[in-house]
Amino acid sequence: MKKILILGAGKSSIFLIEYLANTAQSKNREIIVADLSKEEALKRIKGLPQTRAVAFNSDDQENREKLIQTADVVISMLPAFLHPLIAKDCLQYGKHFFSASYESAEIRKMKTEIEQKELLFLNECGLDPGIDHMSAMQIIDREKKLGNEIFSFKSFTGGLLAPESEDNPWNYKFTWNPRNVVIAGQGVSRFIRNGKYKYIPYHMLFRRLEKISFDGIGEFEGYPNRDSLSYRKVYGLDNIPTILRGTLRRSGFCQSWDVFVQLGLTDDSFEMDLPSDFTQRMFINSFLPYHPEKTVETKIKELLPWVDENILKKIAWLGLLENKPLPKFKGSPASILQMILENKWELNPDDKDMIVMQHQFEIKSAGKKKRLTSSMVSIGENQNQTAMAKTVGLPLAIAVDLFLEGTIKTKGLMLPIHPEIYNPLLSELEKQGIKFTEKEELID
């Protein structure tokens, strides 16, 4: 019997656990779900065959190593900073390792030993990174085989609300980690366009947008991710003149969010210690110039002349212009803003989330130029069976299944950018409803 150990029973593990459990009996496998909260693990495996739940604390080295030794394959759904710790244990005890997170520098240092022990360590096999790699590489490899030249590649992904759940002025609610949303984009974004290197500092990020459209879903805007340049090598597009990866929001979101960036409300570098009578209006006012006779609204408009009534209405809807008590009085501006937003951007019980992903290629083919657009839309079923959980968890589950079945034979430190991995994986994802639609058009 093959034993699959899943570390972490958070929201993203739902589809992962169910997919593997559904065939565990017929394939003679046991699924062990381990979490800091055994109750949470029990909740995830309720009624599923060939599964058991255990308590797990990554700080307890003895029990952690014992648990890993019992497994054939380890899937880490833990926070990314814990992956090197788990990977090191897997390397020591000769266990295969899978994660949806970015391949870290610490894990890259293990590459030679992973190969020597003939283990498979597969990272970046979730949504983004993951499905984005696989779907892009399938097209890149196909076009190269046809003798075509790709001279522009842009790729955008967003975790958003399904259209029927867009019931607030921002057309947004938290469908994944709120902290990551609040501090998104901090640092410098870098990409290349028409052979020219481009760098966007954080304070300009939400002003440099790309307009993106999906059939039947509508308009979005994309802002650049922190590092697009490294993907030239990953995708085998070393000399491509244009490459850009970005994040999607509904049109109008970024201009309004930019108010918080410009004022400093998303700053996570210092701590505020505010009096207990501080209100949300006082919080935003503390980042504005002092003037005893001017309102907060007037000061925002004077400081940021592009702010119109529509943007002010969005800020007002969040409660930031009200004399309501702050939800917390101590913490970084970003953490205080996050608490305010969590109250307003909380999902309702009947809300559905949505994942959108689009690749845009410009290709030279037989003396002509064409634009190829590949789009994917996935809509969640409910608050538990979310599109985010599905698109993060299913690729991992399918990869582990294909590996144990012998379809994936490769070993070493890998990303899912090889045909042996991405072809069968994308084929199975399509059967599970995660499907890309392609459109081609000639361009001048």
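The values are calculated or read from the model by the stated rules, or taken from the named source; none is laboratory data. Quick caveat: nothing in here was measured; it's all calculated off a predicted structure. Reconstructed Cβ throughout: ideal geometry from the backbone, glycine too, with neighbour counts over all protein chains shown. To get the accessible areas, we keep the full protein, side chains included, count just its heavy atoms, and leave off ligands, DNA and RNA. Shrake-Rupley method; radii C 1.70, N 1.55, O 1.52, S 1.80 Å.
Listed by first and then second residue, the pairs linking a residue in segment 15-42 that is touching a residue at least 12 places away in the same chain (Cβ under 8 Å) and among the basic types (Lys, Arg) to a residue that is open to solvent by 40 Å² or more (accessible area, probe 1.4 Å) and not in a loop (DSSP other than H, G, I, E, B), with Cβ atoms under 8 Å apart and 6 or more places separating them unless they lie on different chains, are LYS27/LYS2; LYS27/LEU404; LYS27/GLU405; ARG29/LYS2; ARG29/LYS3; ARG29/LEU404; LYS38/ALA55.
Search segment 3-35 for residues being within 22 Å of THR175 (Cβ to Cβ) and in a loop (DSSP other than H, G, I, E, B), and hand back the single one that is most open to solvent (accessible area, probe 1.4 Å). My answer is GLY10.
Taken together, the residues in segment 75-89 that are of a type in the set (A, V, I, L, M, F, W, C), within 18 Å of ALA397 (Cβ to Cβ) and either in a helix (DSSP H, G or I) or over 21 Å from the mean Cα position of the chain (by Cα) (or both) amount to 1.
Of a type in the set (D, E, K, R), in contact with a Gly (Cβ under 9 Å, 6 or more places away or on another chain) and assigned to a strand (DSSP E or B) - does that describe any residue in segment 192-208? No, segment 192-208 has no match at all. Considering only residues in segment 96-117 that are without any contact (Cβ under 8 Å) to a residue 40 or more places away in the chain and open to solvent by less than 30 Å² (accessible area, probe 1.4 Å), the one that is nearest to the chain's Cα centre (by Cα) turns out to be SER101. Yes or no: ALA316 among the small types (Gly, Ala, Ser), in contact with a Ser or Thr (Cβ under 6 Å, 6 or more places away or on another chain) and either at pLDDT 95 or above or surrounded by fewer than 17 Cβ atoms within 10 Å (Cβ to Cβ) (or both)? Against the criterion (among the small types (Gly, Ala, Ser), in contact with a Ser or Thr (Cβ under 6 Å, 6 or more places away or on another chain) and either at pLDDT 95 or above or surrounded by fewer than 17 Cβ atoms within 10 Å (Cβ to Cβ) (or both)), ALA316 does not qualify. No other residue among MET357, MET388 is touching a helix residue (DSSP H, G or I) at 6+ places or on another chain (Cβ under 9 Å) and open to solvent by less than 20 Å² (accessible area, probe 1.4 Å) apart from MET357. Would you pick out the residues in segment 182-191 that are open to solvent by less than 60 Å² (accessible area, probe 1.4 Å) and either part of a strand (DSSP E or B) or among the acidic types (Asp, Glu) (or both)? Of everything in segment 182-191, those that are open to solvent by less than 60 Å² (accessible area, probe 1.4 Å) and either part of a strand (DSSP E or B) or among the acidic types (Asp, Glu) (or both) turn out to be VAL188, SER189, PHE191. Within segment 36-60, the set of residues being closer than 21 Å to HIS96 by Cβ and open to solvent by 40 Å² or more (accessible area, probe 1.4 Å) comprises GLN50, ARG52. Taking every residue in segment 123-148 that is open to solvent by 20 Å² or more (accessible area, probe 1.4 Å) and pairing it with any residue that is part of a helix (DSSP H, G or I), at least 6 positions away or on another chain, the pairs with Cβ-Cβ distances below 8 Å are GLN138/PRO419; GLN138/TYR422; GLN138/ASN423; GLN138/LEU426; ASP141/PRO419. Beta carbons closer than 9 Å, at least 6 apart along the sequence or on distinct chains, pair a first residue in segment 350-363 that is within 30 Å of ASN194 (Cα to Cα) and in a strand (DSSP E or B) with a second that is among the polar types (S, T, N, Q) and modelled with pLDDT under 95 for ILE355/THR175; ILE355/THR386. The number of residues in segment 150-181 being acidic (Asp, Glu) and surrounded by 14 or more Cβ atoms within 10 Å (Cβ to Cβ) comes to 1. ALA389 meets all of the listed conditions (1) in contact with a Pro (Cβ under 9 Å, 6 or more places away or on another chain); (2) hydrophobic (A, V, I, L, M, F, W, C); (3) closer than 19 Å to GLY158 by Cβ but one, namely (1). The set of residues in segment 61-71 that are within 22 Å of ASN28 (Cα to Cα) and open to solvent by less than 50 Å² (accessible area, probe 1.4 Å) comprises LEU67, ILE68, ALA71.
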